[in-house]
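Only one structure is covered here, and it is reproduced in the block below.
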Amino acid sequence: MSSFIDYTVNGLVIGNIYALLAVGLALIFGVSNLINFAHGSVYTIGAYIGWAAITFLHTPLPVTMAIVFVACALVGMAIERIGLRPLQGSARIAPLLATIGISFVLDQVVQLVFSASPRALPNDLPDWRIDIGGGSIGALDLLIAGVGVGAAALLFVFLRFTKLGFAVRATAQDREAALQMGVNVNAVNSTVFAIASALGGISGLLVGMYYNHIDPAMSFQATLKGIVAQVIGGVGNVPGAIVGSLLLGLIESYGIALLGTTYRNLFAFVLLILFLIWMPNGLFGGRSAPQSEPLTGAFIAPSKPLRLPRWALWAMTGAAFALPLVFGAPYLLQTLTNAWLAAMLALSLTLMAGTAGQISFGHAGLLAIGAYASALLTVDLNAPTWLTIPAAGLITSALGTLLIFPAFRLRGHTIAIATLAIGEVVSLVILNWESLTRGAMGVTGIPPLSIFGHEIYAPREVYWLCLAIVVALALVQTRLLTSHFGRTLRAIRDDDVAARSYGIRLDRYKALAFAFGGFGAGVSGAITAHLYSYINHQTFDSQVSLLALTMVILGGMGNVVGAILGAIVLAGLPELFRLTAEYRILIYGIVLLLLIRFRPQGLMGTL
Amino acid sequence: MSMLLEIKGLTRRFGGVTAVKDFDLAVAEGELVSLIGPNGAGKTTSFNLISGLDRPDAGTIVFGGQSIGGMAPEAIAALGLARTFQHGRVFGNLSVEDNVLVGAHTRLSAVRPRWPVIGPLGELALALLRPRAVKQEEQALRAETRDILALFGDRLIPRLDHPAYSLSYANRRRVEIARALALKPRILLLDEPTAGMNPTETGEMQALIAALKSSGLTILLIEHKLDMVMALSDRVCVLDNGAKIAEGAPQDVRRDPAVIEAYLGHSGIGQARPQPEPVA
């Protein structure tokens, strides 16, 4: 009984923290119809600013909170002004991707400034606890509850009784009409970002104090939790976000009590997927339910693709094959091998996100499935790799399609969230299904690649194998795109309503696209596993997914040659310049932002 | 006379508003029936219900002897119903030719084998390998696409490879109609085909619809330009506030006081009506 109360208190406290995040996300979604993936970064910044204030200035808690509030509000306004306002009127997906780029940049800046190692965040609250019915509540619990309830109340008064609050609500309901009635929509957006970010920053500070632990990697999970809470409550619905947060906090807390901490996130993401599929408007979704996607062609930037003559493409392919004969440096070949592996993933993603318009944020999940399939087949069953790698491709194709299938009815932003969650679920299932996957230990001693007894070990041979697979996949994909299949997928992307009205069964074609794309991604993951000889549930994390997406955008959505080019540029060049991981991700973020702003069609143009 | 499309008691409510109320309509094979009425009368909602994009709250829709009320749009399209959209929904990044070819999707048979279970994978394999039957089917459809586009004179043929987003508004409407014709429909639903067209273009469109009608195609037409409606229609059905207020031959409907009242307030229908400004 006592532990039940403790778990309840814990769930409500965590729920309050989620609420501070989710309310901000809901406000932003309300006025700009955008899921702000940079929200977790602001939360992390809030935690670190608080840490810096306490450590260096020895500020008392109220002052710390005030500093965090103001600083994060300014960060929020800067995000809106620099990152998002210039994108008004561009493709609907652009601001969403921009917030991802911003989060890359902010997270890496935090990491560069404060280092990646976790820090303790002390608090100067008194140490007493109140006993209730066997459980107990501490001062910090009360503070968090107080801040949560207080913020909600203030927000309610602001939205309900102030002129600016009216403007916010008017903009949320109908942006165009508000604009015509003289509402300064930009000022409203700016205000909303300020409020949302300030609350997010406070949330980060409180979390840091609650666990006495902060680290730069906390941002992504925070964004996800905020999104889950919002989807439960109804996207864009402020009271719903609060209820959703408390529910999520309680469910997580009870879930951990029953099954253990490694299940915490699994609950969140399974809940997210279930809600997206069966209750996409959430518990309280009414008016501000997700809007349908716009008409024709607004999803990707229309552009004239750059078409290289066929002989030039063959010449480049020939040059790529001949390269190891001229430059034999293992480092160069290994770097380019990584680029070819990334290219397999990018080809797969450009088909799904670019050609079929089903943006996937969880593509690394496919790599993980392929990698584990081949690794376990070779390690547990002693199957030869020339058999397990194609088998891993097929398994990934089947399993990936099966996992994504329920999400096919979702559109636009929601499918992006769902794929993100599916990717996380794959990783969490790998973590928790110990009897099959060895859980957190990972799989060790994965044998190297071999064909008919001949071990492929030399960098040159691995290079050729991977390049050959990329070329084969690219040729098949190009041929499919010129058939009725490519035409049908692009029709679905451009206007799924019109496509259905002309007899196209969306599920069938999306599934085929995922099945084909899943194969390439699975093969890529499988080869990676044999090259690394060790994999675990974190080898293919969400950062890999987002990197793949950046490659695809860089090359031009749906563009086969572009995907390979994007992979070479983003996987190969930073390595050749020997940049450290932090700077590399910073550069990915900046590249993504610049692309979205100045060349949304990518280098080679969308197809 | 056999009825190709029979609608009975069709009703659709949005919240407190009844967009379509107890609507009956029957269209015979080869007939051209026009649906007119003021904005918000429920015309486009009816089209959405018939084509399966929206589900009726009550009523039945029978097309070619089969009940299609509440069926998925892709299934209804496969039965031979094609429609255009009020605001134009072309596939922006597809070429004019590809747009029309998508219209022929339901007719693909060589590349879409009806194999149980593995049918979709077979389709993928056939799209990749392209045996002779598949190639021939594609070539035949491409030839047919050109024939359909030739119906629009030299409006679209020179723009065969242009992406649809680069076309003028009027040309997008034409592409939509071409796409609908590529389905070889048993019935064609046209939602304001001349919206945004100048008088010359409207005249061309009217001639085209007349030609389609005389070729035996059954057409259900939503149109605001009443001269055109009067000239083309076998029958006119007038909707107001979601309910049918009149139905009959064009000349009878135009004299119906209820129609005049609802539709124009007071003045006569089809007379001295100012032409809309030509749209560039």
ask   = Which residue, of A:408, A:452, is among the hydrophobic types (A, V, I, L, M, F, W, C), farther than 20 Å from residue A:528 by Cβ and surrounded by fewer than 17 Cβ atoms within 10 Å (Cβ to Cβ)?
value = A:452
key: Residue within segment B:130-141 that is in contact with a helix residue (DSSP H, G or I) (Cβ under 9 Å, 6 or more places away or on another chain), at the interface with another protein chain (Cβ under 7 Å from one of its Cβ atoms) and of a type in the set (A, V, I, L, M) present   = no
Qualifying residues in segment A:543-560 (those that are of a type outside the set (Ser, Thr, Tyr) and under 22 Å from residue A:425 (Cβ atoms)) - the one surrounded by the most Cβ atoms within 10 Å (Cβ to Cβ) = A:548
inquiry  = Every residue in segment A:373-397 that is open to solvent by 10 Å² or more (accessible area, probe 1.4 Å) and either farther than 12 Å from residue A:520 by Cα or hydroxyl-bearing (Ser, Thr, Tyr) (or both), please.
reply    = A:373, A:376, A:377, A:379, A:380, A:381, A:382, A:383, A:384, A:386, A:387, A:397
task = Sort out which residues of segment A:175-188 are open to solvent by 80 Å² or more (accessible area, probe 1.4 Å) and part of a helix (DSSP H, G or I), and write them in order of number.
result = A:176, A:179, A:180
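Matching residues to (1) assigned to a helix (DSSP H, G or I); (2) facing chain B (nearest Cβ under 10 Å); (3) over 26 Å from residue B:165 (Cβ atoms):
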site	(1), (2), (3)
A:491	yes, yes, no
A:538	no, no, yes
A:552	yes, no, no
A:558	no, yes, no
A:572	yes, no, yes
ask   = What number of residues within segment B:62-88 satisfy the criterion of being open to solvent by less than 10 Å² (accessible area, probe 1.4 Å) and in a helix (DSSP H, G or I)?
value = 3
query = For segment A:87-117, which residues satisfy the criterion of being of a type outside the set (S, T, N, Q) and open to solvent by 50 Å² or more (accessible area, probe 1.4 Å)?
reply = A:89, A:92, A:109, A:112, A:113, A:116
inquiry  = With the requirement that a residue be surrounded by 22 or more Cβ atoms within 10 Å (Cβ to Cβ) and either of a type in the set (Gly, Ala, Ser) or more than 9 Å from chain A (Cβ to nearest Cβ) (or both), what does segment B:98-126 give you?
reply    = B:100, B:103, B:104
query = Do you know which residues across segment A:138-174 are surrounded by 18 or more Cβ atoms within 10 Å (Cβ to Cβ) and more than 22 Å from residue A:69 (Cβ to Cβ)?
reply = A:170, A:171, A:172
Whichever residue in segment A:493-514 is open to solvent by 10 Å² or more (accessible area, probe 1.4 Å) and of a type in the set (A, V, I, L, M) and, among such residues, is nearest to residue B:97 (Cα to Cα) = A:497
key: Unique residue being away from every other protein chain (no Cβ under 14 Å), in a loop (DSSP other than H, G, I, E, B) and touching an Asp or Glu at 6+ places or on another chain (Cβ under 6 Å) when the list is B:41, B:26   = B:41
inquiry  = Looking at segment A:527-534, can you tell me whether even one residue there is surrounded by fewer than 24 Cβ atoms within 10 Å (Cβ to Cβ) and in a loop (DSSP other than H, G, I, E, B)?
reply    = yes
query = Based on what the data block shows, is residue A:50 at pLDDT below 90 and assigned to a helix (DSSP H, G or I)?
reply = no
query = In segment A:36-73, which residues are farther than 15 Å from residue A:119 by Cα, open to solvent by 10 Å² or more (accessible area, probe 1.4 Å) and among the aliphatic types (A, V, I, L, M)?
reply = A:57, A:61, A:63, A:65, A:66, A:67, A:70, A:71, A:73
request  = Filter segment A:566-607 down to residues that are of a type in the set (A, V, I, L, M, F, W, C), within 30 Å of residue A:488 (Cα to Cα), without any contact (Cβ under 8 Å) to a residue 60 or more places away in the chain and open to solvent by 60 Å² or more (accessible area, probe 1.4 Å), then give me how many there are.
outcome  = 1
request  = Test residue A:382 against the criterion of being in contact (Cβ under 8 Å) with a residue 60 or more places away in the chain and among the polar types (S, T, N, Q), and give yes or no.
outcome  = no
query = Which of the residues that make up segment B:36-87 are of a type in the set (A, V, I, L, M, F, W, C) and touching a residue at least 60 places away in the same chain (Cβ under 8 Å)?
reply = B:36, B:41, B:47, B:50, B:63, B:77, B:79, B:81, B:82, B:85
query = Of all helices (runs of 4 or more DSSP H) completely enclosed by segment A:380-462, which ones contain at least 1 residues that are farther than 30 Å from residue A:262 by Cα?
reply = A:385-404
request  = State which residue is nearest to residue A:349 (Cα to Cα) when the search covers only segment A:473-492 and only residues that are surrounded by fewer than 21 Cβ atoms within 10 Å (Cβ to Cβ) and polar (S, T, N, Q).
outcome  = A:478
message = Between B:195, B:246, B:258, B:262, which is touching a strand residue (DSSP E or B) at 6+ places or on another chain (Cβ under 6 Å) and not in a helix (DSSP H, G or I)?
response = B:246
key: Residue list for segment B:211-230, filter: open to solvent by 10 Å² or more (accessible area, probe 1.4 Å), modelled with pLDDT of 90 or more and closer than 27 Å to residue B:24 by Cβ   = B:212, B:213, B:216, B:217
ask   = Do we have residue A:540 as of a type in the set (Phe, Trp, Tyr) and open to solvent by less than 30 Å² (accessible area, probe 1.4 Å) here?
value = yes
ask   = Do we find that residue A:212 is open to solvent by 50 Å² or more (accessible area, probe 1.4 Å), under 30 Å from residue A:581 (Cβ atoms) and over 24 Å from the mean Cα position of the chain (by Cα) in this structure?
value = yes
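The values are calculated or read from the model by the stated rules, or taken from the named source; none is laboratory data. Model, not experiment: these values are computed from the prediction. Neighbour counts are summed over all protein chains in view; Cβ atoms, including those assigned to glycine, are modelled from backbone coordinates with ideal geometry. Heads up: the accessible areas ignore ligands, DNA and RNA and are worked out on the full protein's heavy atoms, side chains in. Shrake-Rupley method; radii C 1.70, N 1.55, O 1.52, S 1.80 Å.
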